[in-house]
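A.B. asks: Quick one: the structure is below, questions incoming.
The values are calculated or read from the model by the stated rules, or taken from the named source; none is laboratory data. Note that the structure is a prediction, hence the values are computed from the model and not measured. In this analysis, Cβ positions are derived from the backbone assuming ideal geometry, glycine residues included, and neighbour counts consider all displayed protein chains. Side chains included, ligands, DNA and RNA excluded: accessible areas come from the protein's heavy atoms. Shrake-Rupley method; radii C 1.70, N 1.55, O 1.52, S 1.80 Å.
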Amino acid sequence: MYTSREDIGYDFGDNSKDGSKTTQPNPNIDGGWAWMIVLSSFLVHILIMGSQMALGVLNIEWLEEFNQSRGLTAWVSSLSMGITLIVGPFIGLFISMCGCRKTAIIGGILNALGWILSAYASNVHCLFITFGVTAGVGSGMVYLPAVVMVGQYFQKRRALAQGLSTTGTGFGAFLMTALLKYLCEEFGWRNAMFIQGAIALNLCVCGALMRPLSSKELVNEKCIVRNNSEVHHAKALSHSTDTVKASGVLNGEQEKKEEATNEEVLDSVQRMDSGGDSISGKRMYGLRILKRVSQLTVTVRKGFGIWYSSYFGAASLFTNRVFVAFIIWALFAYSSFVIPFIHLPEIVKQYNLSRQNNIFPLTSIIAIVHILGKVILGIISDLPCISTWNVFLMANFTLVACILILPLMQTYIGLAVICALIGFSSGYFSLMPVVTEDLVGTKHLANAYGIIICANGISALLGPPFAGWIYDITQKYDFSFYICGLLYMVGIIFLLFQPCIQKKPPREKSKEEAPV
């Protein structure tokens, strides 16, 4: 059965003796600056994921402007969405070396540059580079830190915090659809993309808000988590946990040796620096450069070591059987959510429903209900007697059923109902970081979630062009939804056959803990 995040523990090398130590809770965990992190992540989701959900508006403009096939044109949106997620594992390396704040600020600049350069594109192939690759990589550099930081700042209310922050996708899809429509009508699609690039610079502000927790605060929080929960591991994950635990000891010893060597180098430079009175100015300048290079080398080697061990070392995340099944699910899941956003405007035109859709767009219905779905599913998952895993699976089943039914609906009311169900059930996206952290722990969250969104990115990259290609052959989108829905079902079946963990009821307070 499914083990809760309390059961797994956040440090695979937990020592039972540590639980006896009394530590003061950090006010920034589950409160204080943590809510500023939620706000930052919320704005990131509006500006990145919301904008990508609104690309159906620009897709129509590109079809008219460049007069290319639907399959080829859909690659622009797919590249942007796909690369945003596919670069996840490599962004994990940046986070290990530079931290979330610097990574997000650089990504914000790159994303804005991609939007601005796309305004001058002369053909679809130029958009592949400027918008698909440049803006996509920039988006990925902001998106992953936004998710990881929320996981670091919240322990007790992680599902709710992730739900609130990721509602930005729904708000963004609603707002950005209306904004891009207005800008395209008033200024044309090229100027609209230029203006959107200026707006995207606000991602740098969001990155600046991602204040990192100090190592001391993280250690204190781990001790608090141990004190408030009983540490026992589920039998289903015992093999994976033992592997990571054993390799963690080996990696720890190796890191200590490397740190000792690097500290000797830095100390020698500092001693030479302290004797600067007798050394010429040029030599002092050279020593300072050497010191900076040594410090950078230490940071890069340490970050790369963590990243490499997570993917390829003895502590590889791929030794976790359930996590591997989770990756297989992610390979099929995301395209079923992305395809309606990209191709619904075209479907509405085919069914002659443009008048009703202009009054209240179907994509906006998905976006609005998506917001409610994320918050409600997050609240339900945080209840002590509810398994996050079960909520996650039920939402997936509902979504795949809607994808398979959608082609059968040819009236606006029917499509609106299905779109509302798609929006609510897709709220499980807010549970993905929580489920991932339950499987691998906080320490490995950045790299593990990077793998998951990479798999999602492959799904998003191939899904919309596949749907456009099927349309070019059959002149219908029906088979696209049927095939994607069946593949999605295969991914869910992989999850169903994995051993799960169950959330334990809350521990009763002892006499010592009872309030006076």
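A.B. asks: Order 87-98, 138-149, 186-197 from most to least packed using the mean count of other Cβ atoms within 10 Å.
C.D. replies: Most protected by this proxy first, the peptides run 138-149, 87-98, 186-197.
A.B. asks: Now for a separate question. Protein chains only, probe 1.4 Å: how do 327, 199 rank by accessible area, largest first?
C.D. replies: 199, 327
A.B. asks: Please report, to two decimal places, log10 I(q)/I(0) for the stretch 419-492 at q = 0.16, 0.18, 0.25 Å⁻¹ as given by the Debye formula with identical point scatterers on the Cα atoms and no solvent.
C.D. replies: Debye curve over Cα of the stretch 419-492, log10 I(q)/I(0) at q = 0.16, 0.18, 0.25 Å⁻¹: -0.74, -0.87, -1.19.
A.B. asks: What is the pair-distance distribution P(r) of the stretch 320-503, computed from all Cα-Cα distances in 10 Å bins starting at 0, with each bin given as a whole percent?
C.D. replies: 10, 36, 35, 15, 4, 0
A.B. asks: Quickly rank 428-441, 468-481, 54-67 as a protection proxy: mean count of other C-beta atoms within 10 Å, highest first.
C.D. replies: Averaged packing, sorted descending, gives the order 428-441, 54-67, 468-481.
A.B. asks: If you count, for each residue, the other Cβ atoms within 10 Å and average over each peptide, how do 408-415, 203-210, 383-390, 449-456 line up from highest to lowest?
C.D. replies: Result, highest mean first: 449-456, 203-210, 383-390, 408-415.
A.B. asks: Next question, about the same structure. Given a 1.4 angstrom probe, I'd like the percentage of the accessible area of the stretch 26-82 that is carbon and sulfur, rounded to a whole number.
C.D. replies: 58 percent
A.B. asks: Assuming a ≥ b ≥ c are the square roots of the Cα gyration tensor eigenvalues, decide whether the stretch 63-114 counts as rounded (a/c under 1.5), prolate (otherwise, with a/b larger than b/c) or oblate.
C.D. replies: oblate
A.B. asks: Near the amide H of residue 444, under 5 Å away, which other amide H atoms are found, from residues 5 or more places off or on another chain, if H is placed in the peptide plane?
C.D. replies: none
A.B. asks: If you don't mind, another one. Express the accessible area of the stretch 320-503 per residue in Å², computed with a 1.4 Å probe while the remaining protein chains stay in the model.
C.D. replies: That works out to 34 Å² for each residue.
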